[in-house]
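A short write-up of the structure that comes next.
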There are 2 protein chains.
Amino acid sequence: MKKNLLFQPKSIAIIGASRDPDKLGFLVLANIKRYGFRGKIYPVNPKAEEILGYKCYQTIHHIPDSVDMAVILVPAFYVPEVLEQCGIKGIKTAIIISAGFGEIGGKGKELERQIKEIANDHQIRVLGPNCLGYIDTFQKLNASFAQSMPEKNNIAVFSQSGAVCTAILDWANANDIGFSRFVSLGNKADIDESDLFQEWENDNAAKVILGYLEGISEGDNFIRFAKKITAKKPLIVLKAGITSAGAKAAASHTGSLAGSETAVSAAFKKAGIIRAYNLEELFDYAKVFAFEPLLKGNKIAIIANAGGPSVMTADAIFQSKLELAKLNSITKAYLERKLPKMASINNPVDLVGDAKADRYKIGLEAVLADKNVDGVIVIATPQITTEVKKTAEVIVAMQRKYKKPVIASFMGGKKISEGVKVLAENKIPTFDFPERAVRAFEAMFEYSEYLDRKDKTDLILTENINKDRVNNLLREAHVAGIFNLGDSLDSLAAKILRSYGVNVAKSQLTKNTEEAAEAAQSIGFPVVLKITSQDILHKTDVGGVKIGLNNKTEVKEAFKEIMASVNKKMPEARIEGITVYHMVRKGQEVIVGGKRDPIFGPVIVFGLGGIMVELIHDVAFRIAPVTKKEALEMIAETKSSKLLQEFRGGEAYDIDAISDTIIRLSKLMTDFPEIEEVDINPLRVNERNKGVIALDVKMVLKYDI
Amino acid sequence: MKKNLLFQPKSIAIIGASRDPDKLGFLVLANIKRYGFRGKIYPVNPKAEEILGYKCYQTIHHIPDSVDMAVILVPAFYVPEVLEQCGIKGIKTAIIISAGFGEIGGKGKELERQIKEIANDHQIRVLGPNCLGYIDTFQKLNASFAQSMPEKNNIAVFSQSGAVCTAILDWANANDIGFSRFVSLGNKADIDESDLFQEWENDNAAKVILGYLEGISEGDNFIRFAKKITAKKPLIVLKAGITSAGAKAAASHTGSLAGSETAVSAAFKKAGIIRAYNLEELFDYAKVFAFEPLLKGNKIAIIANAGGPSVMTADAIFQSKLELAKLNSITKAYLERKLPKMASINNPVDLVGDAKADRYKIGLEAVLADKNVDGVIVIATPQITTEVKKTAEVIVAMQRKYKKPVIASFMGGKKISEGVKVLAENKIPTFDFPERAVRAFEAMFEYSEYLDRKDKTDLILTENINKDRVNNLLREAHVAGIFNLGDSLDSLAAKILRSYGVNVAKSQLTKNTEEAAEAAQSIGFPVVLKITSQDILHKTDVGGVKIGLNNKTEVKEAFKEIMASVNKKMPEARIEGITVYHMVRKGQEVIVGGKRDPIFGPVIVFGLGGIMVELIHDVAFRIAPVTKKEALEMIAETKSSKLLQEFRGGEAYDIDAISDTIIRLSKLMTDFPEIEEVDINPLRVNERNKGVIALDVKMVLKYDI
């Protein structure tokens, strides 16, 4: 396992430092100096004597002391050579700011490959290339060409886009938000988000982690290390690039529904990552998670000096997973005594338009002390008598006193700005519009729900799992060069699934009455007999089908009747025999499938038969391995799964058996990376305790060449 | 028709004017004076000689001249008397700012009723009560207790909530947005939104209309007059209070799906109103519609100095009704020649991080001149070399030159503020986050699609409509005191629907073979016979059902067989007879229904059979009267209607006949206000040109007492 990232250099070399104030090589050095880095600083520039008061060195080898970190700003073409020198010098961490690598393709790609190789050979951890750099407010290190230094605070940030970095920094300065570590990932030649997760898991300066990603490097690690983070603290990620021609094409077929956005969404869910869908959400969540205690439940109180905004906030709460708290009778009695008659003492609490700060204090004190209230949204509109600043101060004091999460919404512009300032300085999140407060509280509630879950350890499934047999079957397919293990119940796909305990319907082609009777016995009664002939399309029309046969005698009789009828009605048809099938009762049809995502591995899908999947896209996804609890959640997540419960007085179906099938399919794909895609469609579901049976299965294999 | 609203007073009386600077009676007078009203001003206060330099009058009758408008600020209890005096004085418009009316219930309600009566008697138009007042920047009239005067601009605003008024005003001042008319509607005792629609339809100072509503006064007028507005200019409305216990309960039953949010949403759609879902959207749309030419198509170009934000914007476009424009080859060739190599010349156009204003000019000029581009989103992130102000100036100049809509997104905080200022001053909408630009463009595109529609006149349906017969049937029900015209095919509901040309399946109870044969003849072959007896639950088990009977002989035979079998198997059963039904081929089942909304009248619903409606809520709504085009749109709007097309190689269904049924049901409910609810469930749909048949119908009546 690689270790040692960037985080505690005692000495830094700036390779490509420049005297020209317009050059990045100057700006980075200037930032390191200006923001007070207390270690040793060594500019490297063969043409300069000194820059900004620091002695310059011709090459890194000319530096007499050992160096912990290098910041590299030379043109891309020279970077491999420079990095090689860093390796020889024993430098452990390099930040490559230079651009011109993978992002330009061709030659750049080759240079990036070289970097990776050198980094690996010398065990150098590399940040970038093509990045803004690295900032650490705790160390007072600004090894970047950002135009400012953020405030110090316990939020750690990473971003794959340099431009998003600059926007975040500029926004943070305007909003009194500070950061601890700030990492521009660039092309992620070496250090990626998973490395940061490991680094920050036990880092107290990273109380909240924010990230912007366009691609995810290694799905396995991503989920694994993100999970460790989210067990301890919030990880909020904006994933861009979720739509693409590829995702668009993902449509009608079960397998193809498991497109890339699907996989990302399932992976975030599995890892407990709080997902922001745009920068506004990322920032809103950052404030709320960093500055407020976690929301413990979903009961929200609204306090306002205005009816309209309360109505809008209540609308938003109603449409979320949150609920309006029911205030207890003591709270209401208190409010009734203390507030004017026109006030509303129910939630939303309306303090009436002429409310001054004292009335906000009464309202806040009452609802914050109420055990039925988990969090509060305080709204102020600029009325004539509104004491904007004092009200903000009351909110700060009350939040400090009761330690429940409070979000403010001061609505307007100039007139409320003084209050917004007080709130920002005191780290009470405030939003222009109360709907954003609702959204942020909802994200908090979802995270606290995630933390409450009990199924964090995965159940290990062993019963009816025959790994060796699947190995043999897959080898058989490989040797034969078969990749589509389609389409009959006698196929390799069926055999493989059966070896993992999936109940796939059996069938057997038979040539005579005895064979048919034996087959029926082994398949299990009742059975169906169907004529098998490439010449016969409409089997029923020629008397080629007999259903509901309950014993050997009936089977033999039926065999003879079918043969007689077919011989009479289509004497010229070439007959292969008669196939015996187990006869399936009527039941609900569902689909269980899996498709391997290139990043996250097997994405398992569940949905109800035909229309619900193909037309309504009423499907649920999880990343394998799927736990029992996840499997049951998947089923419950689809709207149409209500059909599996006691719908309209009908019977309840065997949901447990479906979840078992999901888990088995998930395990199969986890155990055998060569299985690219599996489809059980349909899986027929019987009543509770009567099991499920796969009526058609398909499997696609893919081998690394 | 009432006329004359508030808009051009030459003289104003302020009844309840006060010398106390903390009183609203002072603030309103001060505002009228301060912002330069050029008409005559008469404070009315029996205890004062003069206020703010104006001579005071004891009562309105003491004013020697005629007065156009009164602003009333006396306590609620005195308002009716004062309003009566205004009527006698011949005042045409009164703004009642005083609170304490309908909003407090009880006594207040009674006072409000009195106001309405007096207003009606004296033909006074009344704004309020319980409102902030009225502002008109064109007349320099600020007859409100708002703490500021907005800039002058061609946006008219109304709001039902005073608090939302103050928030809007404060926001507008902070964002360089101005207004022409600004109306606080308050309790809407008289003047409501529909009055304003009429007033503003031809008002050039109301180029864009913004509104905030909690309730809608008269659905009919609302749709009628809103439609007239939207044919000419954008009407953007935020409707709050869309969720309620009532709306929550609206769930499983067809009729109850037509809850109140459903009706609002259908009404807005019908009237072409641009709907904002929160204040942020209201403001965003206001800027874009007021300051930009209308987006003509949905092809958007993105220009940015950064990859990340472009990706996010492209994501948002992909998820909207907009599309990324395909730049034509000349544009691309131009960009290739003019931009550095690292730039991306495809849409999104990436000018690269070090882009200065000149590069933005090149990019903007190229895409704005491109015929494939309907609108442009320009993104700037604060990089080292970014010329924030100059870039803003370039955007202004290019928008002016090419007159296509351009929205800017300058992302960040302090560093980009100078550019944001230039854009705001020059009325180029700019948003912190580009996703909001996408949403605003989408709203514009939807409005321009609405304007392009061709079915603005409603088709009048006359064929097979027998209004007289329905009148008679309804009278029959009324006399009999029946309100639920359920549940058989022989019911009044069935007869009423048939009288409006809906094809309801027929049935007839018969007593002997001859009657059965005759009934079958008149109903049409093939038919089904079913035993009818309250004692027999499982008709098939006792041989009580015969299907697929194709002629009289078969019917007679079947009648005898049923009777014989039933007599043998259940000799004790009391037999009413045998019912003859038309036998319906297999087809797709849909639901057509209607429920009268108290505000908007009949809301018509369409959905596919059972599960799709009840579980998936895959339904479409329109306000009656529904046009042919709307009916077809309703059908197409449901996802599951794909099942009616050639789904999986099956036949196509008779969509035209469904739309005909929708229109007939819509007309029936429009013609007869006593019909509260109609349900056709299921309506069986045959293949194309084979029609539809209603297999079960229900109707609920309601009479005004």
Rounded to one decimal in nm, the spacing of the 7 Å Cα→Cβ label points at A:Gln8 and B:Lys152 is 6.8 nm
Looking at this model, which pairs from A:Lys188/A:Lys287; B:Lys371/B:Lys427; A:Lys269/A:Lys401; B:Lys467/B:Lys506; A:Lys326/A:Lys403; A:Lys642/B:Lys530 are more than 31 angstrom apart at the alpha-carbon? A:Lys269/A:Lys401; A:Lys642/B:Lys530
Which distance in Å, rounded to a whole number, links the C-alpha centroids of the range B:113-185 and the range A:31-78? 65 Å
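Averaged over peptide A:269-282, how many Cβ atoms belonging to another chain are found within 10 Å of each residue's Cβ?
The mean count of partner-chain Cβ atoms within 10 Å per residue comes to 2.
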Taking the alpha-carbon distance from B:Lys23 and a cut-off under 21 Å, which lysines remain once sequence neighbours fewer than 8 residues away in the same chain are dropped? A:Lys341, A:Lys356, A:Lys415, B:Lys33, B:Lys47, B:Lys55
May I ask for the angle, rounded to the nearest 10°, between helix B:24-34 and the longest principal axis of chain B, with both axes built from Cα atoms and the value confined to 0 to 90°? 60 degrees
Using θ = phi - 60° and the Karplus relation 6.51 cos²θ - 1.76 cosθ + 1.60, list the HN-Hα couplings for the range A:108-118 in order, rounded to whole Hz, with x at every Gly or Pro. x, 4, 5, 4, 5, 4, 4, 4, 4, 5, 5
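Taking other Cβ within 10 Å of each residue's Cβ, how do A:Cys56, A:Cys165 sort, fewest first? Write down the numbers at each step before the final one.
Numbers: A:Cys56 19, A:Cys165 28.
Ascending number of Cβ neighbours within 10 Å: A:Cys56, A:Cys165.
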With -39,500 (n - 2.57) per DSSP H segment of 4 or more residues and division by the full residue count of the protein assembly as shown, the 222 nm estimate, nearest 500 deg cm²/dmol, is -11500 deg cm²/dmol
State the percent of C-alpha pairs, over all pairs in the range A:507-582, separated by a distance greater than 20 angstrom. 20 percent
Innermost chain A residue relative to the axis carrying A onto B, by Cβ distance in angstrom: A:Ile616, 3
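How big is the Kirkwood radius of the range B:467-622, worked out from every pair of different alpha carbons and given in Å to one decimal?
Every distinct Cα pair counted, the radius reaches 18.1 Å.
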Kindly give the distances from B:Asn328 to its copy-mates, label point to label point, with each label point 7 Å from Cα along Cα→Cβ, as nm values to one decimal ordered shortest first. 7.2
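Based on DSSP, what percent of beta bridges with both residues in chain B are antiparallel, to the nearest 5? Let's see the in-between values first.
Working: 53 of 104 bridges.
Restricted to chain B, the bridges split so that about 50 percent are antiparallel.
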If amide H atoms are modeled at 1.01 Å from N in the peptide plane, then the residues at a separation of 5 or more from A:Ile575, or on another chain, having amide H under 5 Å from its own are none
Angle in degrees between helix B:513-523 and the longest Cα principal axis of chain B, rounded to the nearest 10: 30 degrees
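Loop sites only, by DSSP: take the GluC sites (Glu not before Pro) in chain B that have at most 10 other C-beta atoms within 10 Å and name the longest stretch containing none of them.
Values: sites that count: B:Glu49, B:Glu463, B:Glu572.
In chain B, the maximal stretch lacking such sites is B:50-462.
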Write down the percent of antiparallel bridges among all DSSP beta bridges whose residues are both part of the protein assembly as shown, to the nearest 5. 50 percent
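What is chain B's relative contact order, in percent, from Cα pairs under 8 angstrom and six or more apart in sequence? Please report the intermediate quantities before stating the final value.
Numbers: 1490 pairs, mean separation 59.4, N = 705.
Contact order relative to length: 8 percent.
Report the percentage of all Cα-Cα pairs in the range A:294-452 whose separation exceeds 25 Å, rounded to a whole percent.
Details: 2528 of 12561 pairs.
When all Cα pairs of the range A:294-452 are counted, 20 percent exceed 25 Å.
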Using alpha carbons only, how many degrees (0 to 90, rounded to 10) separate the axis of helix A:388-402 from the longest principal axis of chain A? 60 degrees
Which aspartates and glutamates, on any chain, are close to A:Lys511 with Cα under 19 Å apart, when same-chain ones fewer than 8 places away are left out? A:Asp490, A:Asp535, A:Glu554, A:Glu557, A:Glu561, A:Glu572, A:Glu576
Taking the label point 7 Å from Cα along the Cα-Cβ vector, the copy-to-copy distances for B:Ser66, listed from shortest in nm with one decimal, are 9.9
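Please state, as a whole number in µm²/s, the translational diffusion coefficient that the Stokes-Einstein equation yields for chain A at 10 °C and 1.306 mPa s, with Rh defined as the Kirkwood radius across alpha carbon pairs. Walk me through the numbers before you get to the answer.
Details: Rh = 29.9 Å.
The estimated diffusion coefficient comes to 53 µm²/s.
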Using θ = phi - 60° and the Karplus relation 6.51 cos²θ - 1.76 cosθ + 1.60, list the HN-Hα couplings for the range A:201-211 in order, rounded to whole Hz, with x at every Gly or Pro. 3, 10, 8, 5, 6, 10, 6, 10, 10, 10, x
Between the modelled labels at A:Thr59 and B:Asn464 (7 Å from Cα along Cα→Cβ) the distance in nm is 9.4 nm
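If contacts are Cα pairs under 8 angstrom and at least 6 residues apart, what is the relative contact order of the range B:293-452 in percent? Show your work: numbers first, answer last.
Values: 312 pairs, mean separation 45.8, N = 160.
Relative contact order, the range B:293-452: 29 percent.
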Of the options B:Leu492, A:Ile303, A:Ile60, report the single residue whose Cα projects farthest towards the positive end of the charge dipole of the protein assembly as shown (beta-carbon charges: Lys, Arg +1; Asp, Glu -1). A:Ile60
How much of the DSSP beta bridge set in the range B:14-104 is antiparallel, as a percent to the nearest 5? 20 percent
I need the phi-derived Karplus couplings for the range B:333-344: 6.51 cos²θ - 1.76 cosθ + 1.60, θ = phi - 60°, integer Hz, Gly and Pro marked x. 4, 4, 5, 4, 5, 8, 9, x, 4, 5, 5, 9
Between A:Gly133 and residues 5 or more places away or on another chain, which pairs have amide H atoms under 5 Å apart, with H built 1.01 Å from N, and which residues are they? A:Ser184
Here the residues of the range B:665-689 lying in the modelled label zone of B:Phe483, meaning backbone nitrogen under 18 Å from a point 7 Å along Cα-to-Cβ, are B:673-679
Could you run the Debye sum over the Cα atoms of the protein assembly as shown, one equal point scatterer each and no solvent, and tell me log10 of I(q)/I(0) at q = 0.05, 0.06 Å⁻¹, two decimals? -0.50, -0.72
What are the residues whose amide H is under 5 Å from the amide H of A:Val504, where those residues sit 5 or more places off or on another chain and H is modelled from the backbone? A:Ala694
Put the label 7 Å from Cα along Cα→Cβ for A:Thr553; what are its distances to the other copies, in nanometres, shortest first? 4.0
Centre separation in Å (Cα based) which lies between the range B:536-602 and the range B:272-331: 58 Å
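Rule-based calculations on the coordinates, nothing more; no lab input. All of these numbers come straight from a predicted model, not from anything done at the bench. Glycine gets a Cβ as well: all are built from the backbone with ideal geometry, and neighbour counts include every protein chain shown.
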